[in-house]
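Structure record follows, encoded as structure tokens.
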Amino acid sequence: MKIVAVGECTIDRYLDRRVETVGGISLNFAVHARRAGASAALVSATGTDPGHAAIHAVLAREGVDARHLHQQLGPTASQAIHLTAGERNFLPGGYTAGVLSDFRLSDDDRAFIAGFDVVAAPCFSQIDHLFHAAMTAAHPGALRVADLLDGADLGPGLAGIEALLPNTDLLFISGDHHTIDLLLPRSRRARGLIVVTMGASGSAALDHGRVTTAPAAPVPAAARIDTTGCGDAFQAAFTVVWHRSHDIPAALGAGARQASLVIRHLGAVGE
């Protein structure tokens, strides 16, 4: 199985600890897909700052194909984070898209993406141009995976998801039981699955009007260091198992287990 993650790599800045780590939704997805046993690649861009070398080092360590990780003049994207009892908080105004604001897929990038079984990308306002380009570049038989984050960019009632339902195979969104109630009727019109991740409350897969739930994998309170990247790890492991087996309970369980490993250390892809 070959997975390509398109869109975002960042330097995550933990302001309270004065520590920086490598992260970003697409990079995290690629790394955890690789750890789950898939062949993985990242299509994104870094800047001309030290983030470039740090990101390349992580991808090399993890065996993620970085041939289409471009370097552009300017700063690498970054995210400011504050931890409270192990729970990550993204600070208002703390995200900077950097070179990703102007990064566009080349014809070579598009041809590269077309060679993968799974194409995954986040969909949010600062880099939605990359999401749409990635989905368009995927070959007709590819599994198209979208991360909608917390759905804030979908508008009131998550109405914006309607445009994505016919053209994506896996839609991930973080939320709660109210999110499930909002999306369950819409899942009947979806081409594939909608998966709602709820942190410690577990997860739910909405499959054409049917709901399958699963608990989070237990992690002792003393071992909960940092929730950054748990959702990305869940999505990657879920996607790998779902693509191979189409077994929803197995995929939910795999996602929960992968997330439970991430929370035990600082940073989304640290060891």
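Just a few scattered comments:
- Screening the stretch 156-167 for residues that are out of contact with any helix residue (DSSP H, G or I) (no Cβ under 7 Å at 6 or more places or on another chain) and not in a helix (DSSP H, G or I) and picking the one that is surrounded by the fewest Cβ atoms within 10 Å (Cβ to Cβ) gives 166.
- Given (1) over 16 Å from the mean Cα position of the chain (by Cα); (2) aliphatic (A, V, I, L, M); (3) within 29 Å of residue 216 (Cα to Cα), index of the condition residue 118 fails: (1)
- Residues (among the polar types (S, T, N, Q) and either over 22 Å from residue 65 (Cβ atoms) or buried (at least 24 other Cβ atoms within 10 Å of the Cβ) (or both)) located in the stretch 12-32: 26, 28
- Output for the stretch 60-94, where each listed residue is buried (at least 16 other Cβ atoms within 10 Å of the Cβ), of a type outside the set (D, E, K, R) and under 30 Å from residue 200 (Cβ atoms): 64, 77, 78, 79, 80, 81, 83, 86
- Residues that are among the hydrophobic types (A, V, I, L, M, F, W, C), within 16 Å of the chain's Cα centre (by Cα) and closer than 19 Å to residue 103 by Cβ do occur in the stretch 8-16, at least one of them.
- Residue 232 meets all of the listed conditions (1) closer than 19 Å to residue 168 by Cβ; (2) of a type in the set (Asp, Glu); (3) modelled with pLDDT under 95 but one, namely (3).
- Flag for residue 121 being crowded, with 21+ Cβ neighbours inside 10 Å, closer than 18 Å to residue 173 by Cα, without any contact (Cβ under 8 Å) to a residue 40 or more places away in the chain and of a type in the set (Gly, Ala, Ser): no
- Against the list (1) modelled with pLDDT of 95 or more; (2) within 18 Å of the chain's Cα centre (by Cα), the condition residue 125 fails is (1).
- Being surrounded by fewer than 19 Cβ atoms within 10 Å (Cβ to Cβ), modelled with pLDDT of 95 or more and farther than 27 Å from residue 139 by Cβ is a property that holds for residue 53.
- Selection within the stretch 124-143 - touching an Asp or Glu at 6+ places or on another chain (Cβ under 7 Å) and touching a residue at least 40 places away in the same chain (Cβ under 8 Å): 127, 143
- Leading residue by the ranking (nearest to residue 110 (Cα to Cα)) among those in the stretch 70-84 that are in contact (Cβ under 8 Å) with a residue 40 or more places away in the chain and small (Gly, Ala, Ser): 77
- Just one of the listed residues (184, 154) is at negative phi and either of a type in the set (Lys, Arg) or touching a residue at least 24 places away in the same chain (Cβ under 8 Å) (or both), namely 184.
- Residues of the stretch 121-137 satisfying the condition of being out of contact with any helix residue (DSSP H, G or I) (no Cβ under 6 Å at 6 or more places or on another chain) and either polar (S, T, N, Q) or assigned to a loop (DSSP other than H, G, I, E, B) (or both): 126, 136
The values are calculated or read from the model by the stated rules, or taken from the named source; none is laboratory data. Nothing here was measured: the structure is a model prediction, and the numbers come from that model. Here Cβ is always computed from backbone atoms with ideal geometry, including for glycine, and neighbour counts include all displayed protein chains.
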